[in-house]
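Visitor: What follows is a single structure, and I will ask about it in a moment.
The values are calculated or read from the model by the stated rules, or taken from the named source; none is laboratory data. Just so it is clear, the model here is predicted, and its values are computed rather than measured. Cβ placement follows ideal geometry from the backbone for every residue including glycine, while neighbour counts extend to all protein chains displayed. Accessible surface is based on the protein model in full, side chains and every heavy atom, while ligands, DNA and RNA are left aside. Shrake-Rupley method; radii C 1.70, N 1.55, O 1.52, S 1.80 Å.
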Amino acid sequence: MSTEVRTDAGRLWSRLMDMAKVGATSGGGSNRQALSDDDQAGRDLFIEWVQQAGCSIELDGVGNLFARRSGTDPDAPPVVMGSHLDTQPTGGRFDGVYGVLGGLEVIEALNDASVSTRAPLEVAVWTNEEGSRFPVSMMGSAVWAGVSDLDSTKALTDRSGVTVGAELDRLRWSGTAAFGKPLSAYLELHIEQGPILEASGSSIGVVTGVQGIRWFEVTFEGFAAHAGTTPMDRRRDPARALADTLHGVYELAAADADRVRVTPAQFASEPASPNTVPSKVSFTVDMRHPDAAGLDRLEAALRSLVAEAADQHGCGHRIDVINDCAPVVFDPRCIGAVEAAARLCGFAFEHIGSGAGHDACHVAMRAPAGMIFIPCQDGLSHNEEESIEPDDAGRGADVLLHAALELAGVADDTANAGRTTEC
């Protein structure tokens, strides 16, 4: 049973708008790329708020930040809520940040109601979830979960050659908190980033799992030649192999459009000259599928397409896997806690799978985990026009609150304070 406590939707919205001023873009979005000065400024603002709320702060070696509200049982593993504050270069105001500030609002609401939990509560800010500056998404949670090692992660570079390690040192984000510590549970509140909830009219998405994601870097190697004097049939042109591969990749997606997602991007050629047949062309492919076997079939098909195109046009080729996240099924107890919280609050909800990757995917490898979605306008995300309604934000925070209380337990001295059957 939950105590009679609710979040303050107005306070949450005000803080979302205050955070949006940090790294604000001219198009109304946010640009707080990972380990940048603006990312630091966003964290500084968050730290100010959580310290005012009485939380302690700790960092681990990859800069993941944890704000802790003590529980009555100091030996109980914490219930952690969280997401990320870094954004895409032209990102929205809610992706990631809503989950972080929603967790802070849960702590504020419990403080307002003088409610103690048995297990401690923590709000996590994971480092470089987006992968836009340093090319590994969900980076901080991957190191925390043991999916990636710290040394190789610190060696990652941005396009200017700056390493993760150098930026962690510059910002003084390298802490001593243990990776992979025991958790009672992890809950991540997030905008859906898709159109399903808005279309159905549901207020809450009870997330059951996340589809698998695999990133590839494909390279075709040809032979540099003069664009004006080299006949078309005498060329080893890697751009032609690229064109054939792209056609085949999109045919793969069309054959199973309900479940398959493919996104070629980050195209580059060498030499970077408009009047030279390139010697090398490279690009990335993001492939997604809800089950592991389907993702393996997509990879096999991509490798076949690349080999055939390279052979057809006399080119060499290479395929590197640069990111690999297996499909995730969330913990039944966490799913049940979110369902119970939505019912308690009287909100319409539905089960939903996530098409996007989240830090919860990595945390789920080490601890019970679940997610909560709210609708976003037109399903739009990774865009400056990303938008949610204040009331929806408040409903999601209320569900997070009551799910966290269910998982953390209400302390004996406050367990009987003002019980309610709905929010």
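Visitor: Out of everything in segment 175-203 that is under 25 Å from residue 387 (Cα atoms) and β-branched (Val, Ile, Thr), what residue ends up being least open to solvent (accessible area, probe 1.4 Å)?
Guide: 191
Visitor: Look at residue 216 and say whether it is farther than 19 Å from residue 298 by Cβ and buried (at least 16 other Cβ atoms within 10 Å of the Cβ). Don't jump to the end; show me each part of the working.
Guide: Details: farther than 19 Å from residue 298 by Cβ: no; buried (at least 16 other Cβ atoms within 10 Å of the Cβ): yes.
No; evaluated as a whole, the condition is false for this residue.
Visitor: Find all pairs meeting these conditions: Cβ atoms under 8 angstrom apart; at least six residues apart or on different chains; first residue within segment 171-182 and within 20 Å of residue 39 (Cα to Cα); second residue among the small types (Gly, Ala, Ser) and assigned to a loop (DSSP other than H, G, I, E, B).
Guide: 171/63; 173/63; 174/61; 174/63; 175/61; 175/63
Visitor: If you scan segment 256-265, which residues turn out to be surrounded by 12 or more Cβ atoms within 10 Å (Cβ to Cβ) and either touching a strand residue (DSSP E or B) at 6+ places or on another chain (Cβ under 8 Å) or assigned to a helix (DSSP H, G or I) (or both)? Quick ask: steps written out before the conclusion?
Guide: Filtering segment 256-265 down to residues surrounded by 12 or more Cβ atoms within 10 Å (Cβ to Cβ) leaves 256, 259-264.
Scanning segment 256-265 gives 259, 260, 261, 262, 263, 264.
Visitor: Can you tell me which residue is nearest to the chain's Cα centre (by Cα) among those in segment 225-255 that are touching a residue at least 40 places away in the same chain (Cβ under 8 Å) and part of a loop (DSSP other than H, G, I, E, B)?
Guide: Restricting to residues being touching a residue at least 40 places away in the same chain (Cβ under 8 Å) and part of a loop (DSSP other than H, G, I, E, B), the top hit is 237.
Visitor: Please give the number of the condition residue 83 fails out of (1) crowded, with 23+ Cβ neighbours inside 10 Å; (2) of a type in the set (S, T, N, Q); (3) without any contact (Cβ under 8 Å) to a residue 60 or more places away in the chain.
Guide: Every condition holds for residue 83 apart from (3).
Visitor: Would you point out the residue of segment 272-284, among those that are farther than 13 Å from residue 221 by Cβ and out of contact with any Phe, Trp or Tyr (no Cβ under 8 Å at 6 or more places or on another chain), that is most open to solvent (accessible area, probe 1.4 Å)?
Guide: The residue in question is 274.
Visitor: Among the candidates 132, 148, single out the residue that is open to solvent by 20 Å² or more (accessible area, probe 1.4 Å), of a type in the set (Gly, Ala, Ser), more than 25 Å from residue 374 (Cβ to Cβ) and outside any helix (DSSP H, G or I). Reasoning before the result, please.
Guide: Numbers: 132 fails: more than 25 Å from residue 374 (Cβ to Cβ).
148 is the lone residue from the list that is open to solvent by 20 Å² or more (accessible area, probe 1.4 Å), of a type in the set (Gly, Ala, Ser), more than 25 Å from residue 374 (Cβ to Cβ) and outside any helix (DSSP H, G or I).
Visitor: Can you name every residue in segment 378-396 that is modelled with pLDDT under 95 and touching a helix residue (DSSP H, G or I) at 6+ places or on another chain (Cβ under 8 Å)?
Guide: 378, 379
Visitor: From the set of residues in segment 285-324 that are among the charged types (D, E, K, R) and touching a Phe, Trp or Tyr at 6+ places or on another chain (Cβ under 8 Å), which is nearest to residue 263 (Cα to Cα)? Steps first, please.
Guide: So the first thing to find is which residues in segment 285-324 are among the charged types (D, E, K, R), and the list is 286, 288, 291, 296-297, 299, 303, 308, 311, 318, 320, 324.
The next check asks that each one be touching a Phe, Trp or Tyr at 6+ places or on another chain (Cβ under 8 Å); those that pass are 286, 299, 320, 324.
Details: 286: 5, 299: 13, 320: 16, 324: 15 Å.
Ranking the qualifying residues of segment 285-324, first place goes to 286.
Visitor: Would you please list the contacts, defined by Cβ atoms under 8 Å and residues six or more apart or on different chains, that run from a residue in segment 293-304 that is in contact (Cβ under 8 Å) with a residue 12 or more places away in the chain to a residue that is aromatic (Phe, Trp, Tyr)?
Guide: Within 8 Å, the pairs are 299/216; 302/216.
Visitor: Pick out the one residue from 390, 375 that is of a type outside the set (Ser, Thr, Tyr), open to solvent by 40 Å² or more (accessible area, probe 1.4 Å), touching a residue at least 24 places away in the same chain (Cβ under 8 Å) and under 30 Å from residue 25 (Cα atoms). Give the steps one after another, and end with the answer.
Guide: Values: 375 fails: open to solvent by 40 Å² or more (accessible area, probe 1.4 Å).
Testing whether each residue is of a type outside the set (Ser, Thr, Tyr), open to solvent by 40 Å² or more (accessible area, probe 1.4 Å), touching a residue at least 24 places away in the same chain (Cβ under 8 Å) and under 30 Å from residue 25 (Cα atoms) leaves just 390.
Visitor: For segment 11-40, which residues satisfy the criterion of being open to solvent by 40 Å² or more (accessible area, probe 1.4 Å), over 18 Å from residue 384 (Cα atoms) and either free of Cβ contacts under 8 Å to residues at least 60 places away in the same chain or hydrophobic (A, V, I, L, M, F, W, C) (or both)?
Guide: 14, 37
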